[in-house]
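Scroll down for the structure; my scribbles are underneath it.
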Amino acid sequence: MDRPSIAAGSAGTPAAILPVVGPEPAPISLHINGSIETLVLAPHITLAQVLRDLLGLTGTKIGCDRGTCSACTVWLDGNPVASCMILAVDIAGRSITTIEGLADGGTLHRVQAAFIEHDAMQCGFCTPGMAMSCAALVEHNSHPSPDDVRAAISGHLCRCGTYQKVIEATLAAAEERKV
């Protein structure tokens, strides 16, 4: 007995043949920090692995590699995401910003500067991911409350416990934006 094709047309012929990526590496272009990076990647490679291992953008930290600590947070089209949970082949053509791309040349983003001014980091491992989430909050919400900041960093694990300083720094950065 013949099995019906999942993508069968009305006459039993395939309705469409879609291009398949993998299991072999394939070329992909990624828009990272304002530059186009063309790489040949296996389909199972995560964005975090590409950033750190292939492009040397080591500000993106890999803590848990399971999407639970948020140390690997970057912006995807301006929104914070856990880069360890995203396959690089799935985001071709979208805009990626890392902690290295958050600054404008030699000028730190106001959240980065506020983190320094308010001593919002200790060991620094979680800092890039937290800064990315807080910067996204400040970019999308010009008047965040302490609860808004808490919500923005709710998925971030900081073993040093700098959460209160992060809240203070983010609110200060938001105030600076108003000026």
Original post:
When every alpha-carbon pair in the chain is counted, what percent end up more than 19 Å apart?
Top reply: 60 percent
Original post:
Which whole-angstrom value gives the distance between the alpha carbon centres of region 132-179 and region 92-109?
Top reply: 18 Å
Original post:
Rounded to a whole number, what is D in µm²/s for region 26-99 from Stokes-Einstein with the Kirkwood radius over alpha-carbon pairs (10 °C, 1.306 mPa s)?
Top reply: 133 µm²/s
Original post:
Once the Cα gyration tensor of region 110-178 is found, what semi-axes does its equivalent ellipsoid get, as square roots of 5 times the eigenvalues, in whole Å, sorted largest first?
Top reply: 17, 12, 9
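Bear in mind these aren't lab numbers, they're just calculated from the coordinates by the rules spelled out. Source: prediction; values computed, not measured.
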